[in-house]
Amino acid sequence: PIAGAVIELLDNAGNLVATTTTDANGAYRFTGLAPGVYQLREQQPAGYFDGDEVVGNAGGVLGGNDFMRDIELTSGENGVEYNFAELPPATLSGYVYQDGPTIILQKDETLDVSKVRDGKRTADDLPLAGVTVRLTDEFGNALTDTFGKTIETVTDARGYYEFTGLRQGRYGVVQVQPGGYQEQPAHFA
């Protein structure tokens with residue numbers, strides 16, 4: 001439920017009849033209405049992406065984004081389930097770290113890395129701060145913001161990064177390989 005969303009009731013000509021806000025359960029109600037044709041409009045709640053609208057039991061049609069029209073109420077009728085569904089933003093986060101302790105090989109010595117690196121973030125790992133991580137689409141193409149700048153962040157002292165405010169969808173992340181490290185396959189928990 002989204003509390004505090006503003007819902008407007010309009011007459012058939014588009015004149016504002018009443019305004020209300022949703023309660024703690026996301027519910028709203030307009031009472032004491034005369035029979036007639038009405039419209040409903042929601043002001044998009046801050047912090048949410050627009051979702052679907054659902055026309056309720058008394059009929060009507062979707063009139064555009066966050067808008068329903070041609071809702072005809074007869075005497076004594078209760079129009080219910082005129083719903084506005086919103087989508088909360090998603091977050092994508094993770095860590096960049098050195099997997100296990102530093103290994104120093106002697107000249108001509110070889111090592112099977114898979115036997116000493118588990119690919120999982122554990123207590124013996126070293127967090128890597130200051131690593132650039134870029135947000136991509138599902139195909140690995142860098143995403144950009146409204147100004148055309150690549151969407152990226154930098155890991156903090158814990159090696160942690162986070163992308164917030166994302167729309168529902170498929171994403172990827174790519175790190176800019178830190179100097180002095182060899183790439184190891186990613187692990188997804």
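The values are calculated or read from the model by the stated rules, or taken from the named source; none is laboratory data. Computed from a predicted structure; not experimentally measured. Virtual Cβ from ideal backbone geometry, glycine too; neighbours counted across all protein chains shown. Side chains are part of the model used for accessible areas, which takes the heavy atoms of the whole protein and leaves out ligands, DNA and RNA. Shrake-Rupley method; radii C 1.70, N 1.55, O 1.52, S 1.80 Å.
Name every residue in the range 86-110 that is of a type outside the set (Phe, Trp, Tyr) and touching a residue at least 40 places away in the same chain (Cβ under 8 Å), in order of residue number.
Initial filter on the range 86-110 (of a type outside the set (Phe, Trp, Tyr)): 86-94, 96, 98-110.
Residues satisfying the conditions are 86, 87, 88, 89, 90, 91, 92, 93, 94, 96, 98, 99.
Of the conditions (1) open to solvent by 40 Å² or more (accessible area, probe 1.4 Å); (2) of a type outside the set (A, V, I, L, M); (3) at pLDDT 95 or above; (4) more than 25 Å from residue 87 (Cβ to Cβ), residue 32 clears all except one; give me its number.
(3)
Looking at the range 43-60, which of the residues that are hydrophobic (A, V, I, L, M, F, W, C) and open to solvent by 40 Å² or more (accessible area, probe 1.4 Å) is nearest to the chain's Cα centre (by Cα)? Give the derivation first.
Of the residues in the range 43-60, the ones hydrophobic (A, V, I, L, M, F, W, C) are 46, 49, 54-55, 58.
If we keep only those that are open to solvent by 40 Å² or more (accessible area, probe 1.4 Å) too, we end up with 46, 49, 54-55.
Numbers: 46: 13, 49: 8, 54: 21, 55: 25 Å.
Taking the candidates together, the pick is 49.
I'm trying to understand the selection: among the residues of the range 118-140, which are within 14 Å of residue 174 (Cβ to Cβ), surrounded by 10 or more Cβ atoms within 10 Å (Cβ to Cβ) and not acidic (Asp, Glu)? Give the steps one after another, and end with the answer.
Going through the range 118-140, the residues within 14 Å of residue 174 (Cβ to Cβ) turn out to be 131-140.
Those still in the list that are surrounded by 10 or more Cβ atoms within 10 Å (Cβ to Cβ) too: 131-137, 140.
If the condition is that a residue be within 14 Å of residue 174 (Cβ to Cβ), surrounded by 10 or more Cβ atoms within 10 Å (Cβ to Cβ) and not acidic (Asp, Glu), then 131, 132, 133, 134, 135, 136, 140 are the ones that fit.
Residues checked against (1) at pLDDT below 95; (2) closer than 16 Å to residue 81 by Cβ; (3) assigned to a loop (DSSP other than H, G, I, E, B):
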site: 19; (1), (2), (3): no, no, no
site: 24; (1), (2), (3): no, no, yes
site: 37; (1), (2), (3): no, no, no
site: 47; (1), (2), (3): yes, no, yes
site: 57; (1), (2), (3): no, yes, yes
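Got at least one residue in the range 109-117 being in a loop (DSSP other than H, G, I, E, B), open to solvent by 80 Å² or more (accessible area, probe 1.4 Å) and either closer than 30 Å to residue 4 by Cα or at pLDDT below 95 (or both)? If you could, list the steps in order and put the result at the bottom.
Looking only at the range 109-117, we keep the residues that are in a loop (DSSP other than H, G, I, E, B), and these are 109-112, 116-117.
Remaining after also requiring open to solvent by 80 Å² or more (accessible area, probe 1.4 Å): 109-110.
Among the residues that remain, those that are also either closer than 30 Å to residue 4 by Cα or at pLDDT below 95 (or both) are: 109-110.
Yes, some residue in the range 109-117 is in a loop (DSSP other than H, G, I, E, B), open to solvent by 80 Å² or more (accessible area, probe 1.4 Å) and either closer than 30 Å to residue 4 by Cα or at pLDDT below 95 (or both).
Every residue in the range 61-91 that is over 16 Å from residue 29 (Cα atoms), in contact with a Gly (Cβ under 8 Å, 6 or more places away or on another chain) and buried (at least 16 other Cβ atoms within 10 Å of the Cβ), please.
Those that are over 16 Å from residue 29 (Cα atoms), in contact with a Gly (Cβ under 8 Å, 6 or more places away or on another chain) and buried (at least 16 other Cβ atoms within 10 Å of the Cβ): 69, 86.
When the range 1-16 is examined, which residues are found to be in a strand (DSSP E or B), farther than 18 Å from residue 77 by Cα and open to solvent by less than 80 Å² (accessible area, probe 1.4 Å)? It would help to see each step written out before you state the result.
First pass over the range 1-16, keeping only residues in a strand (DSSP E or B): 6-11, 16.
With farther than 18 Å from residue 77 by Cα added as a condition, the list becomes 6-8, 16.
Hits for the range 1-16 are 6, 7, 8.
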